[in-house]
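The block underneath contains the structure these notes are about, expressed in structure tokens.
The values are calculated or read from the model by the stated rules, or taken from the named source; none is laboratory data. Note that the structure is predicted; figures quoted are calculated from it, not measured. We place every Cβ from the backbone using ideal geometry, glycine too, and count neighbours over all the protein chains shown. Accessible surface is based on the protein model in full, side chains and every heavy atom, while ligands, DNA and RNA are left aside. Shrake-Rupley method; radii C 1.70, N 1.55, O 1.52, S 1.80 Å.
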Amino acid sequence: MAFETLFSSYSFGSVTLPNRIVSTGHDTVMAHNGHVTDRLIAYHEARAKGGAGLIIVQVAGVHATARYTSHMLMADDDTCIEGYRTLAKKIHAQGTKVFGQLFHPGREIMETDDGTAPVAYAPSAVPNSRFAVMPVPLDQQMIDEIVDGYAASALRLKQSGLDGCEIVASHGYLPAQFLNPAVNRRTDRYGGDLENRMRFLDEIASAVRARVGDDFVIGLRISGEERDVEAMDKNEVVAVCETLDQKNAFDYYHVIAGTSASLAGAIHIVPPMYYETGYVAPFAARVKAVVKAPVMVTGRINQPQIAEQILAEGRADFCGMTRALIADPEMPNKALAQKLDDIRACIACNQACIGHFHKGYPISCIQYPETGRETTLAARKIPTRTKKNILIAGGGPAGMKAASVLAARGHHVTLCEASAQLGGQALLAQLLPGRAEFGGIITNLSREMDLAGVDVRRSTPVTRAFVEQERPDAVIIATGATARRPEFEGSDSAHIVTAWQALKGEANIGGRVVIAEWKGDWIGMGLAEKLAREGRKVTLATEMPMAGQALPFYVRDEMVARLHRAGVEIVPYARLYGTDAETVYFHHASSSEPIVMEGIETLILSQGHESARMLYDDLKVTDVAIHIIGDALAPRTAEEAVLDGLKLAVSDHFS
Ligand SMILES: Cc1cc2nc3c(=O)[nH]c(=O)nc-3n(C[C@H](O)[C@H](O)[C@H](O)COP(=O)(O)O)c2cc1C
Ligand code: SF4
């Protein structure tokens with residue numbers, strides 16, 4: 001594909017972008033005390049070097065009441081300027097343009113920095129359903145102060161050398177709260193008809209323009225569809241953009257989906273793999289049809305081919321490809337060089353990017369843990385001084401990552417996989433409903449091994465005898481894990497199977513099923529959906545307070561929605577105790593009272609995993625240098641497996 005549009009430059013407002021690929025505003029959890037850090041700079045510099053045309057830096061609060069997390073950027077006083085200035089210089093040095101996001105969350109406040117309940121401000125005292133916040137209605141004085149906060153913050157970004165700013169009126173944040181009649185119940189000049197509801201945004205646009213002049217881009221981020229029961233009318237969204245454009249209020253419109261206001265709407269803020277790639281493009285096209293200013297679109301555009309198609313069809317003028325750049329900062333350069341197979345496409349698992357954000361940790365990527373670790377682990381990926389012969393046992397994510405990094409550093413690496421296919425548990429994970437894209441991690445890591453020149457041997461189990469024959473300098477044991485079958489009353493009964501057996505179709509499953517789930521992850525939930533869709537009556541009994549407790553929120557909520565639609569019964573706090581005949585017994589995890597389920601034909605165990613350490617135990621008694629990583633070390637997720645692989649591959653053992 002020629003990517004004629006994607007790699008054409010584009011001028012609007014006072015800027016010319018070198019191409020149409022944008023890293024859109026995303027909170028990285030790399031700010032400190034509200035300021036830009038070296039870590040944040042290194043993170044963005046990597047994306048600029050990788051060829052992104054525009055980087056829009058994460059939200060920055062415009063007023064003291066805008067702190068929606070404890071780790072966000074603030075632009076509400078001049079102390080922000082120094083950090084932004086260094087950041088802008090580093091990004092500009094790569095030929096990439098840089099904007100900043102200006103933000104007030106209104107009632108959408110997640111947390112405070114000391115764990116107390118927040119005092120949130122919004123147009124009206126209408127609570128939000130996701131964070132259960134009851135806001136205080138804004139009075140005129142605060143409205144004026146906040147509008148001035150946008151203008152003053154915009155000027156600080158300009159003084160820092162940034163090229164523009166983006167007003168975040170998307171995702172149900174403060175300007176969107178004014179626009180939405182379900183949230184804005186005011187009877188003054190800011191409430192009622194659309195003209196009044198637009199007043200707050202109008203005032204922001206005018207105040208910002210008056211302060212920064214015409215040589216600074218001002219954009220608007222807005223949700224084309226909020227996808228919530230109390231959503232803004234999607235036609236009204238288009239009307240808002242049209243009216244603003246007639247007044248030349250903004251230099252571009254940035255259309256996305258979702259709202260922070262509800263669990264359902266929030267899924268679309270960072271849409272998981274259940275949503276089609278590029279599904280937001282039609283929403284952008286609706287806006288593009290009525291505005292003269294250019295339109296940006298973002299949401300599940302994970303490959304340059306998809307971006308090119310959206311642009312070529314005239315549905316938008318540039319594309320946000322945020323997770324695509326989190327997963328592969330070099331994606332633009334690779335696309336330009338037509339090395340499409342080398343692109344590590346984002347699989348929309350949401351685990352280490354938005355998943356980390358929600359836990360309050362710096363973002364990364366499960367496929368590429370170098371992200372967010374640019375100054376630490378990534379900086380250690382240098383050629384080795386002492387070339388070694390390394391044998392890796394196990395071709396799952398841990399072994400593949402270790403192999404590709406070690407080989408890229410100049411070691412001679414042989415990776416042996418006992419089965420005919422690489423991938424380990426990822427091969428099974430991709431079989432869960434709606435999760436086929438997870439298999440992309442195998443494709444991507446395999447490609448990285450090929451590029452690095454790893455000698456890959458499938459259907460080759462590693463034994464002690466094999467090691468003694470090959471005599472490598474070091475053996476890395478990445479033999480993974482097997483399904484855990486705990487012992488309990490009746491655990492040898494015939495109607496018990498493991499989740500993996502059920503998923504692979506290796507066992508007969510009755511029409512009435514209970515899945516005993518332990519850790520609140522994907523497996524029990526995904527299997528429950530699959531079996532229910534096949535017509536079985538399914539109960540998911542989880543030991544956790546809720547199904548999907550361990551999952552990234554947007555994945556959890558999407559999976560719960562799918563189970564609800566499929567008619568799966570969910571029983572929380574259910575700790576497996578035993579089974580006899582057609583009865584399964586649980587303890588309530590907090591009351592210890594029994595929970596009894598009768599008439600069960602098949603009990604499916606989703607009880608986690610046990611490390612496969614046989615080879616490790618065999619080699620421990622020899623003088624071979626051994627290292628153990630991934631689930632073979634301790635059963636966790638693909639994220640930790642890949643990270644283990646990277647950490648070992650850049651460690652002093654292989655310098
Ligand atoms: C870790 C993370 C943090 C985010 N924080 C913000 C934010 O600060 N402001 C914002 O407008 N959108 C935020 N987003 C949404 C992204 O800008 C983007 O719309 C979303 O990731 C979907 O695009 P993608 O599919 O290209 O990743 C965030 C996304 C991620 C992954
Ligand atoms: S962690 Fe998953 S969703 Fe996030 S960037 Fe990486 S592959 Fe994409």
>> Please return the ranges of helices (runs of 4 or more DSSP H) entirely within region 301-383 where 3 or more residues are under 21 Å from R447 (Cβ atoms) and in contact with a Gly (Cβ under 9 Å, 6 or more places away or on another chain).
In response: 331-336
> Between residues in region 156-180 that are closer than 22 Å to I267 by Cβ and within 16 Å of ligand 2 (Cβ to nearest atom) and residues that are hydroxyl-bearing (S, T, Y) and modelled with pLDDT of 95 or more, which pairs lie under 9 Å by C-beta distance while being six or more apart or on different chains?
Replying inline: none
>> Give me the residue from region 583-595 that is within 12 Å of T539 (Cβ to Cβ) and of a type in the set (A, V, I, L, M) and, out of that set, surrounded by the fewest Cβ atoms within 10 Å (Cβ to Cβ).
In response: I595
> Within the group F553, F488, which residue is modelled with pLDDT of 95 or more and either aliphatic (A, V, I, L, M) or surrounded by fewer than 24 Cβ atoms within 10 Å (Cβ to Cβ) (or both)?
Replying inline: F553
>> Within region 7-14, does at least one residue satisfy the condition of being touching a Leu at 6+ places or on another chain (Cβ under 9 Å), open to solvent by 30 Å² or more (accessible area, probe 1.4 Å) and hydrophobic (A, V, I, L, M, F, W, C)?
In response: yes
>> Looking at A46, A52, can you tell me which residue is out of contact with any Gly (no Cβ under 9 Å at 6 or more places or on another chain) and either assigned to a helix (DSSP H, G or I) or among the basic types (K, R) (or both)?
In response: A46
>> Looking at E330, E313 in this structure, which one is within 26 Å of M30 (Cα to Cα) and more than 14 Å from ligand 1 (Cβ to nearest atom)?
In response: E330
> Can you tell me which residues in region 414-451 are open to solvent by less than 50 Å² (accessible area, probe 1.4 Å), part of a helix (DSSP H, G or I) and away from ligand 2 (no atom under 16 Å from the Cβ)?
Replying inline: L427, L428, M449
>> So, in region 352-386, how many residues would count as being open to solvent by 10 Å² or more (accessible area, probe 1.4 Å) and away from ligand 1 (no atom under 12 Å from the Cβ)?
In response: 15
> Does any residue in region 315-339 that is among the charged types (D, E, K, R) come within less than 6 Å, Cβ to Cβ, of a residue that is part of a loop (DSSP other than H, G, I, E, B) six or more places away or on a different chain, and which pairs are these?
Replying inline: D317/P294; R323/C346; R323/C353; D328/I343; D328/R344; E330/G50; K334/I343
>> Among (1) surrounded by fewer than 22 Cβ atoms within 10 Å (Cβ to Cβ); (2) within 16 Å of G434 (Cα to Cα); (3) of a type in the set (G, A, S), there is one condition G524 misses while meeting the rest; what is its number?
In response: (1)
>> I need the full set of residues from region 384-399 which are in contact with a strand residue (DSSP E or B) (Cβ under 6 Å, 6 or more places away or on another chain) and in a helix (DSSP H, G or I), in order please.
In response: G399
>> I need the full set of residues from region 633-655 which are touching a strand residue (DSSP E or B) at 6+ places or on another chain (Cβ under 6 Å) and under 23 Å from H411 (Cα atoms), in order please.
In response: L648
> Among G510, G535, G505, which is more than 24 Å from H356 (Cα to Cα), assigned to a loop (DSSP other than H, G, I, E, B) and open to solvent by less than 30 Å² (accessible area, probe 1.4 Å)?
Replying inline: G510
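Listed here are the residues, each with its yes/no results for (1) of a type in the set (S, T, Y); (2) within 28 Å of V555 (Cβ to Cβ).
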| residue | (1), (2) |
| --- | --- |
| I267 | no, yes |
| A293 | no, no |
| T298 | yes, yes |
| A312 | no, no |
| C319 | no, yes |
| A324 | no, yes |
> Conditions: (1) free of Cβ contacts under 8 Å to residues at least 24 places away in the same chain; (2) in a loop (DSSP other than H, G, I, E, B). I600 meets all but one. Number of the miss?
Replying inline: (1)
